[in-house]
1. For region 219-241, check the following and say yes or no: at least one residue is of a type in the set (Ser, Thr, Tyr) and either assigned by TED's automatic domain parsing to the domain that holds residue 133 or without any contact (Cβ under 8 Å) to a residue 40 or more places away in the chain (or both).
2. Considering only region 247-272, state which residues are within 27 Å of residue 179 (Cα to Cα), at pLDDT 95 or above and assigned to a loop (DSSP other than H, G, I, E, B).
3. Which residues, taken from region 1-49, are assigned to a strand (DSSP E or B) and acidic (Asp, Glu)?
4. Evaluate the following for residue 97: is it under 22 Å from residue 181 (Cα atoms) and more than 15 Å from the chain's Cα centre (by Cα)?
5. Only one of these conditions is not met by residue 112: (1) in contact with a helix residue (DSSP H, G or I) (Cβ under 8 Å, 6 or more places away or on another chain); (2) part of a loop (DSSP other than H, G, I, E, B); (3) not aromatic (Phe, Trp, Tyr). Which number is it?
6. Just to verify a result, which residue in region 266-301, among those that are more than 17 Å from residue 312 (Cα to Cα) and of a type in the set (Val, Ile, Thr), is surrounded by the fewest Cβ atoms within 10 Å (Cβ to Cβ)?
7. Going by the structure shown, is residue 149 within 27 Å of residue 183 (Cα to Cα) and in a loop (DSSP other than H, G, I, E, B)?
Amino acid sequence: MTPHPLVVLTPVKNEAWILERFLAVTSRIADLIVIADQGSTDGSRDICRRFAKVHLIDNPSPSYDEAARQRLLLHAARERVPGVKVLLALDADEIVAADAPGSPGWKAMLEAAPGTVLCFEKPDLWQGTDLCLRFEMPWPLGYVDDGAEHFARRVHSIRLPTPEGSPRLHVQDVKILHYALARHDHLAAKSRFYSVQENLHGTNPVYRRRARYSRDHDWRSHGRLEPAPREWFDRWVESGVDLHAIPREDFYWQDFEVLRLFGRHGTRRFWLDDIWSFDWEACRRYALGQRLPGIPAGPITGPPRPVRLAGSLLDLLHKAWWRARR
């Protein structure tokens, strides 16, 4: 059977820290990489232009909207590659493990029937690349395209169509390496950003936001901490791709976006979000020093002590409720 073409769909906003290695690896395995860039200012677009397989499109949305960007990527892929194809939806910090191509699961994925949802284990690299968190439940990250409609959500959406009753293939020998936990300070910035976004869009009540995006969230409780097998990296590293360097920054673009939202909506709206252990004032001064647009000119006013105590009480009540349910 002739393998289906492989098209990778990736949203990008200021991913220069990892985008080069993502594209260097993905260009070796994909027939086409569709990237929807949402106004990157860190050189991400220039990196994309260096790779022949990349089809770069603009995501013009001024706000965070996963549903819109997923439909944008899906439409572009279907326009560029009509007919049956394997769609793989990966973020820039998710890299196909080096031992995946050529495996039996890889072959089965490329020959699966149209309408098949493809699921993969996505280990989280832990504070570098020596350790990882392993999970029992696979993620639906691929789809053998049959033109099905995609029903998406604005925040934390499944990335591709998953029609009711569609067959599922767990591609067990293909791992997707996730770098989100490789640098915890960036993960904390993402959590603050998501909490603020869910506040604005009303997609989760405050007690759930505080539980999901808590600064004290124990990520290790979700999986098994194990050594990361070297075969996940070796082939790519031997070909010249550096998968082990983890660059860090003083502040991240998600922090600057939250500052801009403070400027538009004020801080009071976000006082009950668990985001106030972070030094927003230091971040604001840094952003002004970098002459970033849209940063508030005046100091950031955080919640008074009674409001912070109310947030802590809300956490305790939610934990007690959760234990009672279990």
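1. Of all residues in region 219-241, those of a type in the set (Ser, Thr, Tyr) come to 221, 239.
Subsequent filtering for residues that are either assigned by TED's automatic domain parsing to the domain that holds residue 133 or without any contact (Cβ under 8 Å) to a residue 40 or more places away in the chain (or both) retains 221.
Yes, some residue in region 219-241 is of a type in the set (Ser, Thr, Tyr) and either assigned by TED's automatic domain parsing to the domain that holds residue 133 or without any contact (Cβ under 8 Å) to a residue 40 or more places away in the chain (or both).
2. Our first condition is that a residue be within 27 Å of residue 179 (Cα to Cα); within region 247-272, this holds for 247-261.
Narrowing further to those that are at pLDDT 95 or above: 251-261.
Of everything in region 247-272, those that are within 27 Å of residue 179 (Cα to Cα), at pLDDT 95 or above and assigned to a loop (DSSP other than H, G, I, E, B) turn out to be 251, 252.
3. Initial filter on region 1-49 (assigned to a strand (DSSP E or B)): 6-12, 32-37.
The one that is assigned to a strand (DSSP E or B) and acidic (Asp, Glu): 37.
4. Values: under 22 Å from residue 181 (Cα atoms): yes; more than 15 Å from the chain's Cα centre (by Cα): yes.
Answer is yes for this residue.
5. (1)
6. Filtering region 266-301 for residues that are more than 17 Å from residue 312 (Cα to Cα) and of a type in the set (Val, Ile, Thr), the one surrounded by the fewest Cβ atoms within 10 Å (Cβ to Cβ) comes out as 301.
7. Numbers: within 27 Å of residue 183 (Cα to Cα): no; in a loop (DSSP other than H, G, I, E, B): yes.
The answer is no for residue 149.
Quick grid of which residues meet (1) small (Gly, Ala, Ser); (2) under 16 Å from residue 89 (Cβ atoms); (3) surrounded by fewer than 16 Cβ atoms within 10 Å (Cβ to Cβ); (4) under 15 Å from the mean Cα position of the chain (by Cα):
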residue: 23; (1), (2), (3), (4): no, yes, no, no
residue: 36; (1), (2), (3), (4): yes, yes, no, yes
residue: 40; (1), (2), (3), (4): yes, no, no, no
residue: 43; (1), (2), (3), (4): yes, no, yes, no
residue: 52; (1), (2), (3), (4): yes, no, yes, no
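The values are calculated or read from the model by the stated rules, or taken from the named source; none is laboratory data. None of these values were measured; they are calculated from a predicted model. Positions of Cβ are generated from backbone atoms using ideal geometry, with glycine treated the same way; all protein chains shown enter the neighbour counts.
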